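To start, the structure under review is shown below, and the notes come after it.
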Amino acid sequence: MDATTVKLHRSTKSELERLRSPQESYDDVIRRLASQAKRENLKKELIEGYKGLGRKDLAILKEWDKASAEF
């Protein structure tokens with residue numbers, strides 16, 4: 001493993017320590033937190049995307065309602 005040193009405030013290290021299980025390294029904790037953040041961002045993006053599709057579908061439905069009312 002290629003390692004590097006990162007400076008942290010003591011309070012940040014303490015927070016990491018509280019989040020860490022006995023078997024986890026600090027690297028594991030940081031990777032887990034980064035993965036959770038990525039999932040949350042993806043979830044938010046998907047929700048916004050589906051909302052946009054829903055608005056588009058609603059607009060199409062309204063057009064069809066107008067067209068079917070004419071027949």
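Once both axes come from the Cα atoms, what is the angle between helix 26-70 and the longest principal axis of the chain, in degrees from 0 to 90, rounded to 10? So the inclination is approximately 0 degrees. Determine, for the chain, the count of lysine pairs separated by eight or more sequence positions (or lying on different chains) whose alpha-carbon distance falls under 25 Å. Taking the chain as the scope, the lysine pair count is 9. Rounded to the nearest 500, the 222 nm mean residue ellipticity of the chain from helices alone is -27500 deg cm²/dmol, with -39,500 (n - 2.57) taken per DSSP H run of at least 4 residues.
Answer with a single label: of [x] 161; [y] 87; [z] 78, which was calculated as volume of the Cα convex hull per residue in Å³ from the structure in view? Entry [x]. Each of 12, 35, 52 was placed along the dipole of the chain (beta-carbon charges, centred on the mean Cα), and the one lying farthest toward the positive end is 12. Loop-located GluC sites (Glu not before Pro) in the chain (DSSP state not H, G, I, E or B) with no more than 15 neighbouring Cβ atoms inside 10 Å: 24. Summarising the amide proton neighbourhood of residue 20: residues at separation of 5 or more, or on other chains, whose placed amide H is nearer than 5 Å comprise an empty set.
Work out the FRET efficiency for residue 59 and residue 34 from their Cβ-Cβ distance, taking R0 = 35 Å, and round it to the nearest 0.05. Approximately 0.35, to the nearest 0.05.
Quick note: the coordinates plus some simple rules give every number you see, no bench work behind them. Because the structure is predicted, anything quoted here is derived from the model rather than measured. As a convention, Cβ positions derive from the backbone with ideal geometry for all residues, glycine included, and neighbour counts pool all protein chains shown.
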